[in-house]
Amino acid sequence: MIYDGSGGDVACNPALRPYILGADCRLIAEQSLRGTVMLEFGGSGPSVMVTAGVHGNEIPPQAAALRLVELLGSSRVRGKVYLVPFAAPWSTMRNSRWFHGMDLNRSADVDGSVTNMLFRIARKLGVDAVGDFHSTAPGSRPGVEGVFCSDEPEPRSRDIAEYITSRTSSRLLCYERASSHYRGALEDECNLAGIPAVTCEVLSENGAIRKGSVERSLLQMKLFLEYMGIGS
């Protein structure tokens, strides 16, 4: 448990409920009633943080994170993965983008926010990279499957994004400098602190799961781990 007070019953989300299968996933859902849960897989080697559910109504990456739990839990992992399937269970339960009126992807620079805690933990753990996984609705921003990154001050952000986009139909969405368009995204705060980070988006309506979107989000996660030299 890395953040108390963000808890909610994620099984109340009708789109997500069918993916809460198996003992491990049910235990995560149970513990998420209290707050934000982080799981640790693997041992020595490169380490990464994988997050989903920063926006509670973006369901495909949260479902994909549960599938990743099953994959990592059933194999011997080379390297270390810190996995946060539900950044804000309270928001996931309500199928809401907002957490008590706060957009957590504009709040990683705000002391005491959930994403600020994730950022601080990533720094404390000394992870080699952070992957934050989202979905985007048609007609919204970006409204396409893609991977956000930046060239400065952490050029490895672009390297990770190019690896993922070159192996999928995801678009490369690259800014010249982190936080140049807005502040407070978990990806940007990590890059500004020297932790290479990307934000991966798949296309799906808010609060729903478009056919194939969970599989596409899981593929992005796998390629992120693959680039970082983490495997099973």
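Points to keep in mind about this one:
- Three-way shape call for the range 91-226 based on the alpha-carbon gyration tensor, with the a/c threshold at 1.5: oblate
- Here is what passes the span test in the chain: the DSSP H helices with alpha carbon length of 20 Å or more along the helix axis and a Kyte-Doolittle mean of -0.5 or above are 59-73, 213-227.
- The range 122-178: chymotrypsin sites (Phe, Trp or Tyr not before Pro) in DSSP loop, at most 10 other beta carbons within 10 Å: none
- Checking every one of the trypsin sites (Lys or Arg not before Pro) in the range 10-115 against DSSP loop status and a limit of 11 other Cβ atoms within 10 Å picks out R76.
- Once you reduce the range 34-110 and the range 164-232 to the center of their Cα atoms, the two points are 13 Å from each other.
- Answer label for P(r) over Cα pairs in 10 Å bins from 0, in percent (calculated), chosen among (1) 7, 33, 37, 16, 4, 2, 0, 0; (2) 7, 27, 29, 16, 7, 6, 4, 3, 1, 0; (3) 9, 37, 41, 13, 0: (3)
- When the trypsin sites (Lys or Arg not before Pro) in the range 144-232 are filtered for DSSP coil states and for at most 12 other beta-carbon atoms within 10 Å of their beta-carbon, the remaining sites are K211.
- 222 nm mean residue ellipticity, helices alone, for the chain (DSSP H n ≥ 4; -39,500 (n - 2.57); rounded to 500): -9500 deg cm²/dmol
Values in this text are rule-based calculations from the coordinates and carry no lab data. Because the structure is a prediction, the values reported are computed rather than measured. For neighbour counting, all protein chains shown are included, and Cβ atoms are generated from backbone atoms with ideal geometry for every residue, glycine included.
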